[in-house]
1. Just to check your reading of the model, which residue among 75, 63 is at pLDDT 80 or above and either out of contact with any helix residue (DSSP H, G or I) (no Cβ under 7 Å at 6 or more places or on another chain) or of a type outside the set (A, V, I, L, M, F, W, C) (or both)?
2. Can you tell me which residue among 27, 70 is assigned to a loop (DSSP other than H, G, I, E, B) and either among the small types (Gly, Ala, Ser) or exposed (fewer than 13 other Cβ atoms within 10 Å of the Cβ) (or both)?
3. State all residues of region 52-61 that are surrounded by 12 or more Cβ atoms within 10 Å (Cβ to Cβ) and more than 16 Å from the chain's Cα centre (by Cα); if no residue qualifies, say none.
4. Taking region 79-98 only, how many residues are modelled with pLDDT of 80 or more and either within 22 Å of residue 59 (Cβ to Cβ) or not in a loop (DSSP other than H, G, I, E, B) (or both)?
Amino acid sequence: MKILTILLLFTSAAVANDGIIDFYDNDFDNDGIINYYDNDADNDGIINYYDNDADNDGIIDYYDNDSDNDGIINYYDNDRDNDGIIDYYDNDHDNVVW
């Protein structure tokens, strides 16, 4: 039973499907660029600093800021994580992009 548990933990920790646990993997997204130098989160060839479309969906990030995907951009959304609690009273801001 212990061997099976260890095997399951190992396989679930190798997120990039390369068999290397991400903690030890120096190339998380397997794009051939070491994580330290990899500044292109969406692999579109544009460095994050200059990329105005971080998720590569064709909508400029200034207008594409909807963290809960409810169709209301965060600036106007009073429940940014869509948990039913208005953000002013919500203590769980883990999934909220301010």
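1. Working: 63 fails: at pLDDT 80 or above.
Just one listed residue meets the conditions, 75.
2. On the way: 27 fails: either among the small types (Gly, Ala, Ser) or exposed (fewer than 13 other Cβ atoms within 10 Å of the Cβ) (or both).
Only one candidate qualifies: 70.
3. Residues of region 52-61 that are surrounded by 12 or more Cβ atoms within 10 Å (Cβ to Cβ), as a first pass: 53-56, 59, 61.
Matches in region 52-61: 59 only.
4. At the first step, the residues of region 79-98 found to be modelled with pLDDT of 80 or more are 79-90.
Within this subset, residues satisfying the condition of being either within 22 Å of residue 59 (Cβ to Cβ) or not in a loop (DSSP other than H, G, I, E, B) (or both) are 79-82.
So the answer is 4.
The values are calculated or read from the model by the stated rules, or taken from the named source; none is laboratory data. Please read these numbers as outputs of a predicted model, since none were measured by experiment. Reconstructed Cβ throughout: ideal geometry from the backbone, glycine too, with neighbour counts over all protein chains shown.
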